[in-house]
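Working notes, beginning with the structure itself.
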Number of protein chains: 2
Amino acid sequence: MSTDSDAVTAAVLVIGDEILSGRTKDKNIGTIADYLTAIGIDLREVRIVPDVAEAIVEAVNQLRARHTYLFTTGGIGPTHDDITADCVAEAFGVGIDVDPRARAMLLERHKPEDLNAARLRMARIPDGAALIPNPISKAPGFHIGNVFVMAGVPAIMQAMLDQIGPGLARGAAMLSETIEARGLPEGTYAGRLGEIAGRHPGVSVGSYPSMTQTGFQNRIVVRSKDAAALGAARAEIEALVAELSA
Amino acid sequence: MSTDSDAVTAAVLVIGDEILSGRTKDKNIGTIADYLTAIGIDLREVRIVPDVAEAIVEAVNQLRARHTYLFTTGGIGPTHDDITADCVAEAFGVGIDVDPRARAMLLERHKPEDLNAARLRMARIPDGAALIPNPISKAPGFHIGNVFVMAGVPAIMQAMLDQIGPGLARGAAMLSETIEARGLPEGTYAGRLGEIAGRHPGVSVGSYPSMTQTGFQNRIVVRSKDAAALGAARAEIEALVAELSA
């Protein structure tokens, strides 16, 4: 992975016992990874933690200090195990209470007499946070400092991400090209591929095997923010694959 | 999440730029989560890190210190970006070299003249590690201390996990039951569900919404290692759902 000092970097924190138990299979990590990559933000780290306050607070504080942005998913519903907002407030050392703006959003969906204590939990927002509207079920996410707090339900997370995206700082877009090595075994090209990677320090070179009915199928992926450097590395790798496939 | 001092706990570390770029969507986390839950091991934390030595070493050392077991996936192939074995050796402060047992395994698949330097990378095993055979493509995983190093290709990871499983310490199996709340809104039951959770401290109570064509469908999941405690909590929740659905 190439690094540069002015890169825009990010971490994702997935919050929820249900992911760690296997009951729910996460779909948000891949969605966020694709989204950030497309706009030139380098996703550098992902963590999944349970619905335990100490674990959430620790992860929020570590990850927000390390990266330009931290995106969290999960734990902002109305039930007792939805503790993300309180944990983010604790991580930032700020107060948290029912936010009139968030309460107004909930009233777009719920009658005033249905806005019970549980539902009002979804309007608890840390002091100083901006809201992220939720066009689907109204209960908002929020952002405070460099932390964006989103829902865990994939459709709602996606809707929130679409709103956050335009306001994010963007790095140079990461360019990527794939060279199909097909059935050419990794072991036949790995040595020389490493030499090519060594000659192109501004290019990340990866080899990715996958298994199919007919055996391994391999792909080599080159990634760089510099189109000329990318093209030069790609040309060398294409020549290598052609030579070894002949 | 309930905790107990004699619980067997685990972390998973997924290693690979391709997951963080979104190019490859991880399937191993969910597989391992299901596997561990079924044998009474609590998966407490997951991290995804890039192919960067410092990030891998740091995560290995943090996670192996915190949990009974650490399972890693990815980065044990023949190419230059496969650096997991070297990083694990560094984390443990031990040497690493071509292991004769691992070399013999590779010779089951490759002719001696095809065992080039790149392929021999797959036989580099930290000093003192035990091997995890790979019935599919022969290049082994390994375990050292409480760390199990597995391949990233899902079929191979699964085959390695199947071999590791019988040797793992097991906790009491986590029992789980699901109460279908269907279209009953979370906000109508969240308050009383929280009260029930408070009365059953040995039971983890979660509410999980999902979106369907017809709106939210909610499920309440109770989890405990104590069957009687689980049954008592479940009965109260079933009564609550029945009352509110009437």
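The values are calculated or read from the model by the stated rules, or taken from the named source; none is laboratory data. Keep in mind the model is a prediction, meaning the values are calculated, not measured. Note: ideal-geometry Cβ built from the backbone for every residue, glycine included; neighbour counts use all protein chains shown. Protein only, heavy atoms only, side chains kept; ligands, DNA and RNA dropped before computing areas. Shrake-Rupley method; radii C 1.70, N 1.55, O 1.52, S 1.80 Å.
With each run of n ≥ 4 DSSP H residues scored as -39500 (n - 2.57), what mean residue ellipticity at 222 nm is computed for chain B after dividing by its residue count and rounding to the nearest 500 deg cm²/dmol?
-11500 deg cm²/dmol
Counting pairs of alpha carbon atoms under 8 Å apart in space and at least six apart in sequence, what relative contact order in percent does region B:175-245 give?
Relative CO of region B:175-245 lands at 44 percent.
Report the full-extension gain for the segment A:Ala155 to A:Ala173: residue separation times 0.36 nm, less the Cα-Cα distance, to one decimal in nm.
3.9 nm
From the convex hull of the Cα coordinates of region B:2-87, what is the mean projected area in square nanometres?
The Cα convex hull of region B:2-87, projected and averaged over all directions, gives 6.1 nm².
Which whole number gives the average, over all residues in B:218-224, of C-beta atoms from other chains lying within 10 Å of the residue C-beta?
That average works out to 2.
Report, for A:Ala235, each distance to the same residue's label point in the other copies, shortest first and in nm; define the point 7 Å along Cα→Cβ.
7.8
Modelled label-to-label distance, B:Arg182 and A:Gln213, 7 Å Cα→beta-carbon offset: nm?
Computed distance between label sites B:Arg182 and A:Gln213 equals 4.1 nm.
For the protein assembly as shown, take the convex hull of the Cα atoms, compute a quarter of its surface area, and give me that in nm², please.
Numbers: hull surface 96.6 nm².
Result: a mean projected hull area of 24.1 nm².
Work out the FRET efficiency for B:Asp97 and A:Lys25 from their Cβ-Cβ distance, taking R0 = 30 Å, and round it to the nearest 0.05.
Details: r = 39 Å, r/R0 = 1.29.
For R0 = 30 Å, the calculated efficiency reads 0.20.
With +1 on the Cβ of every Lys and Arg and -1 on the Cβ of every Asp and Glu, and nothing else charged, how large is the dipole of the protein assembly as shown about its Cα centre, in debye rounded to the nearest 20?
600 debye
I'd like the interface area for chains B and A: accessible area of each alone minus the complex, both sides summed, 1.4 Å probe, protein heavy atoms only. What is it in Å² to the nearest 100?
4700 Å²
Using only Cα atoms, find the angle between the long axis of helix B:227-245 and the longest principal axis of chain B, and express it within 0 to 90 degrees, rounded to the nearest 10.
Long axis of B:227-245 versus the principal axis of chain B: about 50 degrees.
How large is the charge dipole for chain A, taken about the Cα centre, if only the Cβ atoms of Lys, Arg (+1) and Asp, Glu (-1) carry charge, to the nearest 20 debye? Don't skip to the answer; put the middle values down first.
Values: 23 positive and 30 negative charges, 75 e Å.
Once rounded to the nearest 20, the dipole reads 360 debye.
If you build the convex hull over the alpha carbons only and average its shadow over all orientations, what do you get for region B:175-245? Give it in nm² to one decimal.
In nm², the orientation-averaged hull projection of region B:175-245 is 4.2.
Tell me, what are the semi-axes, in whole angstrom and largest first, of the equivalent ellipsoid of region A:9-167 as set by the roots of 5 times the Cα gyration tensor eigenvalues?
Working: eigenvalues 108, 56, 50 Å².
Equivalent-ellipsoid dimensions as semi-axes: 23, 17, 16 Å.
Residues in region A:29-70, backbone N under 20 Å from the label point at A:Ala227 (7 Å along the Cα-to-beta-carbon vector): list them, ranges by number please.
Within reach of a label on A:Ala227: A:37-41.
Using Cα atoms only, what is the angle between the long axis of helix A:186-199 and the major principal axis of chain A, expressed in degrees (0 to 90) to the nearest 10?
Orientation of helix A:186-199: about 80 degrees from the principal axis.
Between B:Asn146 and B:Leu107, what is 0.36 nm times their sequence separation minus the Cα-Cα distance? Round to one decimal in nm.
Details: separation 39, 0.36 × 39 = 14.04 nm, distance 2.80 nm.
Fully extending the segment from B:Asn146 to B:Leu107 adds 11.2 nm.
I want the antiparallel fraction of DSSP beta bridges within chain A, as a percent rounded to 5.
Details: 26 of 42 bridges.
If I count the DSSP bridges inside chain A, around 60 percent turn out antiparallel.
Within the protein assembly as shown, what percent of beta bridges assigned by DSSP are antiparallel, to the nearest 5? Walk me through the numbers on the way to the answer.
Numbers: 55 of 88 bridges.
In the protein assembly as shown, approximately 60 percent of DSSP beta bridges are antiparallel ones.
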